[in-house]
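Derivation of every value follows stated rules applied to the coordinates shown; laboratory data play no part. Keep in mind it's a predicted model, so treat the numbers as computed, not measured. Virtual Cβ from ideal backbone geometry, glycine too; neighbours counted across all protein chains shown.
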Amino acid sequence: MPDPIKQLTDLMMKEGLPTTGESSIEWYRKSVKKLEDFNRSGIFRGKNKVNKLLRGELYMFRYIAEGRKEMDYYDQYPLVISTEINSTHFRGLNLHYLPHRYRAVFFANLQTLVSNTRYDDNTRLRLRNKMVNGMQKLRFGKVCFRTYSFSQIRSKVIKIPSSEWFASLFLPTEGFVPVSRSTAWNDSRRKMNEN
C-alpha cells in the first residue's frame, strides 16, 4: 500500500494547491474527512527508522503506555512534535489529542516558529515546553503534552518530513484505547475550557 501522507501531498502539488500554510490545512481537513477505511501500516511501510530524535521534528510510532491500566486512555499511534529529549524518554505534543478544528488552529499558529519556510529537510519547529505554557496562541497545546519512554515504543519511529506535515495532521491515525477518539476529544475540550 502506498504512503497515504505522500499521496495527499503529491495530489495537492499536482492540482496546484498549496502544500503549506493555512489554506492547505483547510483543504486537507475537508479532503481527509472523506477517508473511510484507513490502514496505519501504509504510513510505516517504506519509511526509514529514525536513529536519533531531534527537537522540533514531527514523529509517529506505535506505543504501549507504561501504567496503562491506571490510565483512562492513551494514544497507541502518537503524532508527536518533540520538545525535550533525554536518554530514557522524550516529551512532546501529541497532536492527536486535539480535535481537528483546534489542531488546525494550533498548527497554523506554530508556523511562526518554523526554522525556515522552505519546508525542506532542515525545517524544524523552534518549540520548547515553556513556550506552550507561556504563549496565548499556543494554549491548545497544553492538553497535548505527553512523555514517551523509549522502552515502550513498539515500532520504528518515523519522521514526518516537513513537506508532509500538513497532510499528516488530519489523517485518522490516532488509536485511543480503551476509548473512542470522540471521548478523548471531549475530554480535551473540557480541559481547554478549564484553562
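Estimated from the Cβ-Cβ distance and a Förster radius of 30 angstrom, the FRET efficiency linking ASN116 and PHE150 is about 0.55. With a Förster radius of 25 Å applied to the beta-carbon distance between LEU54 and MET192, the computed FRET efficiency rounds to 0.35. A simple rule links phi to the HN-Hα coupling: the Karplus curve 6.51 cos²θ - 1.76 cosθ + 1.60 with θ = phi - 60°, which for the stretch 143-155 gives 7, 8, 4, 9, 10, 10, 7, 4, 5, 9, 6, 10, 8 Hz, with x for Gly and Pro. Listed by Cβ neighbour count within 10 Å, with the fewest neighbours leading, GLU174, GLU70, GLU84 appear as GLU70, GLU84, GLU174. If you take the alpha carbon atoms of the stretch 43-112 and fit the smallest convex hull around them, that volume is 120 Å³ per residue. The phi torsions of the stretch 135-140, fed into the Karplus equation with coefficients 6.51, -1.76 and 1.60 and a -60° offset, translate into couplings of 9, 4, 5, 10, 4, 5 Hz, rounded to whole numbers, with Gly and Pro shown as x.
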